[in-house]
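Down below is the structure, laid out as structure tokens.
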Amino acid sequence: MDIVYIHGIKLETVIGVWEWERRIKQTLMLDLDIGTDTSKAGRSDALEDTVNYQAAAELVMNIAQQNSFALVEALGEAISEQLLREFSVQWVRLRINKQGAVRGVRDVGIIIERGNS
């Protein structure tokens, strides 16, 4: 299995369970690993035979910016489901970092993995 990755996606979105969080945009950092077979693209040298990095990054940013989630888990589920559907890949691993969410802690968040059987 090959991995196409996009790390360090920085985006601003409304996310959180507290009232004050619902009134502001917060910064999230995302890392995305996509499990897929890149051998066809390696032979053809054609973009249509692999995962388009730009399209995948835009999908992630659009989901986060056009929606409002209470939990990073819900955002992660929405992103993962859409990536699996749009790109017909075998699995995705998504790390969402909500820096500063806990006082005195640099990084907090989730890592989820979803895949097609």
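Residue-level check: of (1) in a strand (DSSP E or B); (2) open to solvent by 50 Å² or more (accessible area, probe 1.4 Å), residue 112 misses just (2).
In the range 1-54, which residue that is charged (D, E, K, R) and in a loop (DSSP other than H, G, I, E, B) is nearest to residue 108 (Cα to Cα)? Before you say what the answer is, go through the steps one by one.
Step one: list which residues in the range 1-54 are charged (D, E, K, R), which gives 2, 10, 12, 19, 21-23, 25, 31, 33, 37, 40, 43, 45, 48-49.
If we keep only those that are in a loop (DSSP other than H, G, I, E, B) too, we end up with 25, 37, 45.
Values: 25: 17, 37: 31, 45: 38 Å.
This residue is 25.
Within the range 64-79, being within 18 Å of residue 91 (Cβ to Cβ) and open to solvent by 20 Å² or more (accessible area, probe 1.4 Å) holds for 73, 77, 78. If only residues of the range 20-48 that are within 19 Å of residue 78 (Cβ to Cβ) and among the polar types (S, T, N, Q) are counted, the one that is surrounded by the most Cβ atoms within 10 Å (Cβ to Cβ) is 26. Of all residues in the range 87-117, exactly one satisfies the criterion of being within 16 Å of residue 33 (Cβ to Cβ) and acidic (Asp, Glu), namely 113.
The values are calculated or read from the model by the stated rules, or taken from the named source; none is laboratory data. None of these values were measured; they are calculated from a predicted model. Using ideal geometry, Cβ is built from the backbone for each residue, glycine included, and neighbour counts are taken over all protein chains shown. Please note that ligands, DNA and RNA were not included when accessible areas were found on the heavy atoms of the full protein model with its side chains. Shrake-Rupley method; radii C 1.70, N 1.55, O 1.52, S 1.80 Å.
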